[in-house]
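One structure is given here, and the rest of the page talks about it.
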Amino acid sequence: MSTRRIAITGIGLLTPGGIDTASTWHTVCSATPTAAIDPSLGDVPVPITCRVPDFDAKALLGRDVWRMDRFSHLALAAAHQAVADAGLDPTSWDGARVAVVVGVGTESRDSIFAASRKVLEHDHATVSPLTIPRSTSNAAAAEISIALHIHGPSLAVSTACASGATALGVARDLLIADRCDIAVAGGVEAPCHPLSSLGFSRMGALSSRLHDPRGASRPFDVDRDGFVLAEGAGLLVLERARDAAARRAPVRAYFSGYGASSDGHHYAAPHPTGLGIERAFTAALADADLSVTDIHHVNAHGTGTPMNDRVEGATLRRLFHGHPPAVTSAKGTTGHTLGAAGAIEAALGVLTLQHQAIPPTANLDRLDPDIDLDVVSKTPRPCRVDALTTNSYGFGGHNAVLVLERAP
């Protein structure tokens, strides 16, 4: 078991709630919505997004930012935060024993869209030679490995909106298999682009609450009508607990279980009975050697779409035999950061364990009567939380569930 006990020793967060961990936690705990009309989206039908505030990539990262798209900027800044928080020095570690795993839901829109426009205009000579290196899904992981002298496994994983959670699960597996001693892992997304907004709105996935953009993201509320597109990054430092103890590193929490499954049902809709969610959940508990009675809190996927919230709610009721623990969704505050969401919410789960307080779900004014859950709203709820799950699901039926436990 000593090789399976994985410690979380560092957190890096850049979210619509703030450009670091402390500001994000404060914003989420205050249930402050961050959604607003985004002028950069132009005349698309739903120009509402949640943006990372006051983010200056050049000030944070230096002169090399010109070669990266925004999602790599966010991921690299979060990685620097996480490594510093863990008390590690990339200039002195054995980079061959360090891994990086980054979940990304989609390729970057910025460079591809700019190049596509020039192709349509037959302006081939001015297409940037960096178009492909900037935009591919592995670009963020690559930039982190370059900047932090990482020479172990460097991976990009994509399971749609479960990508960040999947990346953490993959990193945990690498540590258990002794493929690395340290893993910098999490998720990133920078989807606030007209193409993304138009595509999701054409699917009917986005909230169209244009008269009240701050109230647009409202998980589990009876008046929810879709999610809000958001950007962000969450990176964690993972180590085997014995290695963290050997270097006397403070442990924020333990990552004790991971479960994944596929619905095999539909390209966008969850399985109506939540069977895929249930498989991932039970696998994560088995991996952690825990039962549902050990789980004191669920950080739900809770996107604010009518179907997702209803299916997730019913599944949690069934899993916990009619008595689910306190539930929250950060997306009322942050919006839906897609491939970054699972990692950002895992970081919030770590902070919940440390502070022994469950943050509220923003914009939850009236709980949908069809969702029979104890959803925390309005203010944080102080309570004992020894173990929790954070749940993530993605288009195509990807499901990932993480189990986190409080450090002594």
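A short reminder: the numbers here are calculations on the coordinates, not readings from a lab. Since the structure is predicted, the reported quantities are computational estimates derived from the model, not experimental observations. Neighbour counts are summed over all protein chains in view; Cβ atoms, including those assigned to glycine, are modelled from backbone coordinates with ideal geometry.
Of all the options GLY396, GLY105, GLY335, the one that moves most in a Gaussian network model of the chain with Cα springs shorter than 10 angstrom is GLY396.
Is the shape of the chain rounded, prolate or oblate, going by the alpha carbon gyration tensor and its root eigenvalues a ≥ b ≥ c, with a/c under 1.5 for rounded and a/b larger than b/c for prolate?
On the way: a/c = 1.60, a/b = 1.05, b/c = 1.52.
Cα axes put the chain in the oblate bin.
Membrane-span-like helices of the chain, defined as complete DSSP H segments with a Cα extent of 18 Å or more along the helix axis and a mean Kyte hydropathy of at least 1.0, are identified as 163-176, 341-355.
By its C-alpha gyration tensor, with a ≥ b ≥ c as the square roots of the eigenvalues, how is segment 165-314 shaped: rounded for a/c under 1.5, else prolate for a/b larger than b/c, else oblate?
On the way: a/c = 2.21, a/b = 1.66, b/c = 1.33.
It comes out prolate by the Cα gyration axes.
If a/c stays under 1.5 just call it rounded; otherwise compare a/b with b/c (prolate if a/b is bigger, oblate if not). Do that for segment 69-197, with a ≥ b ≥ c from the square roots of the Cα gyration tensor eigenvalues. Prolate shape, in that a/c is at least 1.5 and a/b is the bigger ratio.
Given segment 31-72 reduced to its alpha-carbon atoms as identical point scatterers, what log10 I(q)/I(0) does the Debye formula return at q = 0.34 Å⁻¹? So the normalised log intensities work out to -1.14.
Kindly work out what percent of the DSSP beta bridges joining two residues of segment 6-246 are antiparallel, to the nearest 5.
Just about 55 percent of them are antiparallel.
Given segment 256-406, what percent of its DSSP beta bridges are antiparallel, to the nearest 5? Present the calculation step by step, with values, prior to reporting the outcome.
On the way: 16 of 24 bridges.
Among the beta bridges of segment 256-406, antiparallel pairing accounts for roughly 65 percent.
Distance between the C-alpha centres of segment 374-393 and segment 124-157: 36 Å, rounded to the whole angstrom. Listed by chain and number, the lysines whose C-alpha is less than 23 Å from the C-alpha of LYS378, apart from same-chain residues fewer than 8 away, are LYS331. Using a Gaussian network model of the chain in which every pair of alpha carbons under 10 angstrom is joined by a spring, one finds that among ALA84, ALA156, ALA268 the greatest mean-square fluctuation is at ALA268. So what is the calculated 222 nm ellipticity per residue for the chain, using -39500 (n - 2.57) for each DSSP H run with n of 4 or more, over all residues, to the nearest 500 deg cm²/dmol? It lands at -9500 deg cm²/dmol.
Exposure proxy shown here: for GLU107, GLU189, GLU231, the number of other Cβ atoms within 10 Å sets the order, fewest to most, as GLU107, GLU231, GLU189. Among SER291, SER207, SER201, sorting on how many other beta-carbon atoms sit within 10 Å of each Cβ, with the fewest leading, yields SER291, SER201, SER207.
The GNM of the chain, with springs linking C-alpha atoms under 10 angstrom apart, assigns the highest mean-square fluctuation among VAL100, VAL44, VAL28 to VAL44.
In whole Å, what is the distance between the alpha-carbon centres of segment 229-283 and segment 61-82? Result: 24 Å between the Cα centres.
Counting other Cβ atoms within 10 Å as a rough exposure proxy, the listed residues THR15, THR27, THR3, THR352 run THR3, THR27, THR352, THR15 from fewest neighbours to most.
With a cut-off of 14 Å between beta carbons, the residues surrounding PHE220 carry a summed charge of -3, where Lys and Arg count +1 and Asp and Glu -1.
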